[in-house]
Amino acid sequence: MGIDGAKIILGTTGSIAVYKAVCLGRELIKNGAEVRVIMTENSARFVSPMTFRSALSTKVLVSSFEDDEEYHLAHIKWAEWADLMLIAPATANFIAKAVNGIADDLLSTTLLAARCQVVFVPAMNTFMYLNPVTVQNIRKLEELGYYVMPTESGELACGELGAGRFPKTKKIVEYIEDILIRRKKLKDKKILITAGPTREYIDPVRFISNASSGLMGVALSDSAMRMGASVTLIHGPISVPPPPVKAIEVTSADEMYEAVLSEFEKCDVVFMAAAVSDFSPQTQYEQKMKKENNNTVTITLSKTPDILAELGKRKKNHILVGFSLETENIVENARKKLFEKNLDLIIANKLSE
């Protein structure tokens with residue numbers, strides 16, 4: 001089972017549903033997890049830390065300033081220890097804090113230091129849950145790479161019926177188990193991924209590039225990381241934030257070439273998702289070019305290094321995956337690239353109209 005042997009931090013926030021987190025913690029332990037608990041002060045107003053200590057026979061922290069020397073810098077030590085951090089229940093307030101990087105208590109500082117998988121299980125009144133601000137914040141959590149488990153609908157503490165209800169313990173355990181199982185699928189695998197465009201400068205202001213956002217490479221990096229792989233992301237000027245993996249930023253095709261070759265021998269799989277410029281100006285002007293009286297400008301271009309072809313020549317036991325963006329003859333062009341560059345797999349797609 002995915003939970004067996006997992007080290008889990010159970011973080012509880014100030015919701016009436018916190019009493020259900022006691023049963024959740026016990027169930028995680030029954031399934032073989034090692035559980036530690038961090039409570040916010042508001043959470044401790046609903047259920048005492050002693051309840052968790054007694055029911056789970058585990059370490060429970062509330063304050064960042066515990067007197068016990070064992071808990072010195074706990075937000076760092078516990079974050080490094082954990083395989084998964086489970087915020088359950090997660091209030092609208094704590095979700096808003098997490099989205100904005102606010103770290104004003106032990107739970108939020110530990111979250112900020114965490115490099116493991118993080119799962120939020122919201123629990124709140126329907127109107128709070130469906131408030132546009134909360135909806136937006138939950139979407140932002142997911143964009144930041146966190147998991148957010150959907151709430152259930154049913155009777156709430158206020159007596160009303162609607163969304164925002166804390167899910168059943170069994171469902172939460174199954175949700176976490178699925179995440180942990182996926183996290184182990186690529187364990188011990190080293191994956192190299194490239195993303196985004198390159199820029200080939202004509203002068204200090206102008207450059208040749210393309211419209212790649214880097215989203216494909218970033219999404220692949222995030223998925224591989226979540227499945228337990230050791231990921232290196234080499235990217236150009238991307239417009240989406242990279243996940244928390246080893247990231248190497250480059251600008252030009254030459255820089256991409258050097259960075260990829262330096263990492264190639266260390267990896268098992270390569271996804272060349274970057275949209276590397278095929279051509280670069282032979283001359284790069286040190287000063288901005290002026291219009292003056294010229295109606296036309298001639299720029300002589302040279303081919304940039306073919307990174308994918310070079311990797312195809314060098315590969316041994318590597319799995320090499322290429323991408324092919326085409327405007328016509330998609331299958332034929334992709335198949336040609338697959339064989340000519342000695343690839344194991346190619347993903348072909350057509351430029352959107």
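One table, with the values for the structure above:
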read-out: Qualifying position, being modelled with pLDDT of 95 or more and surrounded by fewer than 22 Cβ atoms within 10 Å (Cβ to Cβ), among Arg206, Arg199; value: Arg199
read-out: Residue within the stretch 319-327 that is in a loop (DSSP other than H, G, I, E, B) and assigned by TED's automatic domain parsing to the domain that holds Pro204 present; value: yes
read-out: Among residues of the stretch 115-136, those that are under 19 Å from the mean Cα position of the chain (by Cα), crowded, with 21+ Cβ neighbours inside 10 Å and either farther than 20 Å from Lys168 by Cα or not hydrophobic (A, V, I, L, M, F, W, C) (or both), counted; value: 1
read-out: Residue list for the stretch 223-246, filter: surrounded by fewer than 18 Cβ atoms within 10 Å (Cβ to Cβ), in contact with a strand residue (DSSP E or B) (Cβ under 9 Å, 6 or more places away or on another chain) and not in a loop (DSSP other than H, G, I, E, B); value: Lys246
read-out: Any pair with Cβ under 6 angstrom, 6 or more apart, that starts in the stretch 165-185 at a residue that is assigned to a loop (DSSP other than H, G, I, E, B) and ends at one that is surrounded by 14 or more Cβ atoms within 10 Å (Cβ to Cβ); value: Phe166/Ala17; Phe166/Lys20; Phe166/Pro89; Phe166/Ala123; Lys185/Met227
read-out: Condition check for Glu353: assigned to a loop (DSSP other than H, G, I, E, B) and either modelled with pLDDT of 95 or more or more than 20 Å from Leu261 (Cα to Cα) (or both); value: yes
read-out: So Glu174, is it under 30 Å from Ser221 (Cα atoms) and either more than 15 Å from the chain's Cα centre (by Cα) or among the polar types (S, T, N, Q) (or both); value: yes
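The values are calculated or read from the model by the stated rules, or taken from the named source; none is laboratory data. Computed from a prediction, not measured in an experiment: that's the story for all the values here. Using ideal geometry, Cβ is built from the backbone for each residue, glycine included, and neighbour counts are taken over all protein chains shown.
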